[in-house]
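Reading through the structure tokens given below for one structure.
None of the figures in this text is laboratory data; all of them are computed from the coordinates on show. Just so you know, these numbers come straight off a predicted model, no measurement behind them. Ideal geometry is used to build each Cβ from the backbone, glycine not excepted, and the neighbour counts take in all protein chains shown.
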Amino acid sequence: MPKLKNAIFTACDAKYGDFLVKHWLKSLKDNVDLNNIEIIVLDYGLNETQNLTLKKEKVTVLKCIKDGHVTSLRFRDMAKFLKNHIYNQILTIDGGDIIFQTDIKSAFKTDNTCLRAVVEDVNFPFEGFYTKKFFAKEDGENIRLFLKDKRLVNAGVLIGPHKEFKQLCEECNSLIKDKSEYGPDQVAVNYLLYKYNFKKLDNKYNFVITTAKRKFYINGGIFYFREGEKIPIIHNANNFSYLRPVKNFGYGPNCNQLKIITYILVRMMFSLLGFFKTLLNRVF
């Protein structure tokens, strides 16, 4: 029986399509051993040039209907695809604000019988997404209470075996009633991962610049830990581009200048929000 492939999924539209091709995909192909890995892009409106480039690079492109926000729709469309396509390990990863710097084979092998993800160092609150707009009233309240004392898991990098991953996608899709806006996917993913007793990934596999406490530096466009180790996956995360801490983010020697003031202010903001969340949890 042939060995099952692993899969790497991302989702993208035309807005981030150039970054996906020129930085995300190039960094992936330059640094990650893709032997026995299929790259799959969920296409939510890529332009013709972006689409053709991906196909020339042997990427599987799945045309999807963009009738909501990509971050939530991806679970619906991955679940649909995975009903008829079997893989060993499956990784879903953001495509518009992430680059790869080293191989990530150990992330596929470690704790590979369960779902894995990175827990944030700063506990950013997502209480605004527990409302009946995004979830059924009873579900929203149950999720809020369940996650009350849990640390935030970042949904930008998720990995797991086929059966568990497909179940996560199906249940995320079922839980989120309104998929029109950014945010509720984080809540659903957190709820289900803690429910399934997921394993924590080392944060080097989803190094969120504004919330990770481990010291780093940038040299020649490359991110390193203070000790000199290249960081495998860099995540320049934020829903608002002006709050992303790295200017000219991407893959190459002329990329990646840290916006010092933005970096400090956003870290302070997240730390304060995390502090108040902890405080409120003790009261209510």
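Brief remarks follow.
- Among the listed pairs Lys83/Lys109; Lys56/Lys259; Lys22/Lys80; Lys166/Lys213; Lys3/Lys56, a Cα-Cα separation exceeding 30 Å is found for Lys56/Lys259; Lys166/Lys213.
- Assigned charges on the beta-carbon of Lys, Arg, Asp, Glu; the chain dipole about Cα centre (debye): 300
- Using the average count of surrounding beta-carbon atoms within 10 Å as a protection proxy, the listed peptides 259-265, 40-46 rank, highest first, as 40-46, 259-265.
- When the Cα positions of Tyr205, Gln101, Pro161 are compared along the charge dipole of the stretch 74-208, Pro161 comes out farthest toward the positive end, with charges on each C-beta of Lys, Arg, Asp and Glu.
- Where only DSSP H runs of four or more residues are counted, the chain gives -11000 deg cm²/dmol as its mean residue ellipticity at 222 nm, each run worth -39500 (n - 2.57).
- Each of Tyr16, Tyr196, Ile90 was scored by the projection of its Cα onto the charge dipole of the chain, and the greatest displacement toward the positive side belongs to Tyr196; charges sit on the C-beta of Lys, Arg, Asp and Glu.
- Ranked packing of 209-217, 188-196, most packed first, by mean Cβ within 10 Å: 188-196, 209-217
- Hydrodynamic analysis of the chain uses the Kirkwood radius over alpha carbon pairs. Inserted into Stokes-Einstein at 4 °C and 1.567 mPa s, it gives a translational diffusion coefficient of 67 µm²/s.
- Computed FRET value (nearest 0.05) for Asn112 with Asn254, which takes r as the C-beta separation and R₀ as 22 Å: 0.05
- Partners of Lys5 within straight-line reach, counting aspartates and glutamates whose Cα lies under 13 Å from its Cα and excluding those fewer than 8 residues away in the same chain: Asp33, Glu38.
- Relative protection proxy for 149-157, 134-142, from highest mean packing down: 149-157, 134-142 (other beta-carbon atoms within 10 angstrom).
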